[in-house]
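I have placed the structure first, in the form of structure tokens, so that the comments after it can refer back to it.
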Amino acid sequence: MRYLCRRLGHGLLVLAGVSVLSFVFTALAPGDFLSEMKLDPRIAPETVAALRVRYGLDQPLPLKYLHWLESVRRGDLGFSFAYNSPVASLLWPRARNTLLLTVPATTLAWLIAVPLGAWSASQRGRWGDRLCAGATTALLGVPELVLGLMLLLLAVRTRYFPVGGMVSARFAELGPWGKLEDLAFHLFLPASALILLNLPVLVRHVRASLIEVLAAPFVQAARARGVGWRRLLFRDALRAAANPLLSLLGLSIAALLSASLVVEAIMSWPGLGPLLLEAIAARDLHLVIGAVLCSTLLLLAGNFVADALLYLADPRLRADQA
Amino acid sequence: MSLAARNVRTSLSLLVILYVSVLLAGFLTPYAPTEQNRDMPFAPPTRLHFAEATGRVHLRPFVYRLASDPRSFGEYSEDRRTMYPIRLLVRGAPYRIAGIFESNIHLFGFNERYGRDLFSRLLYGGQISLAAGLLAASLALGLGVVVGGLAGFYGGWLDETFMRFAELFLALPWLYLLLAVRTGLPLHIDPAQAFLLLVVVLGLVGWARPARLIRGIVLSGKLREHVLAARAFGASDVYLLRRQVLPQAAGVALTQLAVLIPQYILAEVTLSFFGLGVGEPVPSWGNMLAAAQQYEVLTSYWWMFLPAIALSTVSLLYYVLANALHQQMMVLSS
């Protein structure tokens, strides 16, 4: 338990550090949301100045940060000028949508990658393995931007899939099953983009760590005693390879979130990514900070889950503390 | 020669060919990247012919002029009355060097939204994207070597501070971090400035990973016997770091470069794609691809995806190169 608590405390420290860092970066920005307003002849300069004072934009950076911390305590995470509402209420639905996209995509990618990698490892050097290696190399060469556009092209040309958005226009009228179906239908393209982006890395790692385990003496001993190959591969070898694979899960989350940003933006999935891009274009600084923090939070949460799984899977970690 | 060594050679030579052709864009392309033919938006690539409709075969390839259909927007047909043979090394439009100039028709056609030659834009855009990748990766690696070298060599509080800082940078999803830093810069800047700022931002964002790697090597490298011997002879810290310790990290640095460059090319493309990087009218693969998001482009103009193909080729080549380099290092170090 101490292990998990330490990870949690570390995560909180990182979060605090990231908030300071993003505050400093955005403070460098020339102008804020109100400087656009200043150009508007219909708004009196006194009004803009009054707004500036009211929202504390005239104060020095450390004070601004304290104000922001105060609003974090209230659960607002600052104020978005563009949407005229607290940042938190904008972030949560978007973060939920990002999770709705990334969690199923990651789960599916792992469900496909583990058997595929295991198979590739057991076929080592034969044509199946080579085919797998060739395919993963080719996929690794395709950047997320290109893959997203290609899938979009596919959707537009075949007309089988919706081109963007998360739900249909008539979503509200559907029953619970219909709603789920509609959501899954819209999820298909962005999720397959993420799966295809994730898959090659995962397959390669699964293959590499299984090959390492299969060379271990205990595997040979088990084989000599006549344990079936399939049982050996999926039960024993996979369990022994759990440690590097679960570490990979933690490490791959950062890449997943970055890829998700691009895919969300291209396929107009209303997640955190498009929100951040809009906020940057509108100079909505608190929203930018909020979105960046939120992505860090997702990343840390993902890492924490991976750590917890690792803790459960690897008895050595538990034994260390005893 | 081993497979890895062969892979290094093949990918490296293909990359060199790509870089050289992009560098010589002025010579290889028929048009300036911003030259417009307003009558011909989205014209398809011009087809090369060897045989006339009558069956006469020519050795020198030729093209027909494309005529736009006055009834419908964006539809073109070939005007078969006159043929234009392709000549090489013709004194062309306003270029410093004589370009390969195909009479008054082009190999790839005027086929972009604003009637600019796509092939020319592809090569000129490559100049921006590839140069941004190269410069930004060098900057990030340079910073990484300095920070990692100092942190690893001196250790103590310096190491602590640098590495805690690096952890912060690594804690963020990289694209979110990049966008956060990008927020600190003005939105609308002219392309030359945008290019420089982009390089600096990318370099600043990416130092953490190479710094960690280099630090690890320096940490173990400073305890090697030849380093200890040099220290015992009274060598200065600067000498030790520069001549004895850092050279041990050369292999890793090289591999890192092959990993970082495509990542940064992609970063430039992504930012420009979202309108946060290099902007019109200067071409970059990113802002060229931005056009490919439009519905009419998706449905009918496949050639707008050419930058995507170029981008994938480059990143695939770099991936093969990095992989092969890594394998070579393993062989050398074992």
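Rank these by accessible area, largest first, 1.4 Å probe: A:W110, A:W229, B:W157. All intermediate terms of the calculation are to be shown ahead of the outcome.
Working: A:W110 45, A:W229 90, B:W157 190 Å².
I get B:W157, A:W229, A:W110, largest accessible area first.
When the dipole is taken about the Cα centre of chain A, and only Lys, Arg (+1) and Asp, Glu (-1) are charged at their Cβ, what size is it in debye, to the nearest 20?
On the way: 30 positive and 20 negative charges, 271 e Å.
Charge dipole, chain A, about its Cα centre: 1300 debye, nearest 20.
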Handout entry: Residues B:E167 and A:Q59, FRET efficiency given R0 of 35 Å [Cβ-Cβ distance, rounded to 0.05]
Key = 0.70
Exercise for the section: Rounded to whole Hz and in sequence order, give me ³J(HN,Hα) for the range B:238-248 from the Karplus expression 6.51 cos²θ - 1.76 cosθ + 1.60, θ = phi - 60°, writing x for Gly and Pro. Expected result: 4, 4, 4, 5, 6, 9, 10, 8, 4, x, 5
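If one takes the accessible area of chain A alone plus chain B alone and subtracts that of the pair, with a 1.4 Å probe, what total in Å², rounded to the nearest 100, results?
Numbers: alone 18280 and 17980 Å², together 32380 Å².
Looking at A and B, the buried total is near 3900 Å².
Grab the alpha carbons of the range A:91-321, take their convex hull, and tell me the volume per residue in Å³.
Working: hull volume 37.7 nm³, N = 231.
Spelled out: Cα convex hull of the range A:91-321, divided by residues, is 163 Å³.
For peptide B:317-327, how many partner chain Cβ atoms fall within 10 Å of a residue's Cβ, on average? Write down the numbers at each step before the final one.
Values: counts 1, 1, 5, 3, 0, 0, 2, 0, 0, 0, 0.
Going residue by residue through B:317-327 and averaging, the value is 1.
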Practice task
With a 1.4 Å probe on protein heavy atoms only, tell me which residues of the range B:176-216 lose at least 40 Å² of accessible surface in the complex relative to the chain by itself.
Solution key: B:Y176, B:L179, B:A180, B:T183, B:G184, B:L187
Problem - When the convex hull of its Cα atoms is projected in every direction, mean area for the range A:207-247 (nm²) - result: 2.6
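Mind checking Rg over Rh on the range B:119-333, alpha carbons, Kirkwood formula for Rh? Walk me through the intermediate numbers first.
Working: Rg = 20.1 Å, Rh = 18.9 Å.
Rg/Rh for the range B:119-333 comes to 1.07.
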Practice task
Would you jot down the residues in the range B:243-276 that end up with at least 40 Å² less accessible area in the complete protein assembly than in the chain alone, with a 1.4 Å probe?
Solution key: B:L266, B:F273, B:F274
Exercise for the section: Can you check what the net charge comes to around B:V199, using other residues whose Cβ is under 14 Å from the Cβ of B:V199 (Lys, Arg +1; Asp, Glu -1)? Expected result: 0
Handout entry: Ranked order, A:H186, A:H286, B:H188 - accessible area, probe 1.4 Å, largest first
Key = B:H188, A:H286, A:H186
Fill in the blank from the handout: Measure of exposure for A:K64: accessible area at 1.4 Å probe, Å² rounded to 10, is 60
Exercise for the section: May I ask you to derive the FRET efficiency for A:A281 and A:K179 from their Cβ-Cβ distance with R0 = 30 Å, giving the value to the nearest 0.05? Expected result: 0.40
Practice task
Name the long-range amide H neighbours of A:S85: under 5 Å, sequence gap of 5 or more, or other chain; modelled H, no Pro or chain starts.
Solution key: A:S80
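Grab the beta carbon distance between A:F304 and A:E46, set R0 = 56 Å, and tell me the FRET efficiency rounded to 0.05.
Details: r = 49 Å, r/R0 = 0.88.
Efficiency, from the Cβ-Cβ distance: 0.70.
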Practice task
Indicate the residues belonging to the range A:262-276 that lose 10 Å² or more of solvent-accessible heavy-atom surface (probe 1.4 Å) upon moving from the chain alone to the assembly of all protein chains, ignoring ligands and nucleic acids.
Solution key: A:V262, A:A265, A:I266, A:L272, A:L276
Handout entry: Hz values of 3J(HN,Hα) by residue in the range B:198-213 - Karplus curve (6.51, -1.76, 1.60), Gly and Pro given as x
Key = 4, 4, 5, 4, 4, x, 5, 6, x, 6, 5, 5, x, 4, 4, 5
Practice task
Could you run the Karplus curve 6.51 cos²θ - 1.76 cosθ + 1.60 with θ = phi - 60° over the range B:321-327 and give me ³J(HN,Hα) per residue in whole Hz, x for Gly and Pro?
Solution key: 4, 4, 4, 5, 4, 4, 4
Fill in the blank from the handout: Dividing the helical contributions, -39500 (n - 2.57) per DSSP H run of n ≥ 4, by the residues of chain A yields a 222 nm value, nearest 500 deg cm²/dmol, of -25000 deg cm²/dmol
Problem - Solvent accessible area, Å² - B:Y176, 1.4 Å probe, full protein context - result: 0
Exercise for the section: Mind jotting down the distance between the C-alpha centroids of the range A:238-257 and the range A:258-279, whole Å? Expected result: 24
Exercise for the section: Can you send over the solvent-accessible area of B:E160, 1.4 Å probe, protein chains only, in Å² to the nearest 10? Expected result: 100
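The values are calculated or read from the model by the stated rules, or taken from the named source; none is laboratory data. Because the structure is predicted, anything quoted here is derived from the model rather than measured. Reconstructed Cβ throughout: ideal geometry from the backbone, glycine too, with neighbour counts over all protein chains shown. Side chains are part of the model used for accessible areas, which takes the heavy atoms of the whole protein and leaves out ligands, DNA and RNA. Shrake-Rupley method; radii C 1.70, N 1.55, O 1.52, S 1.80 Å.
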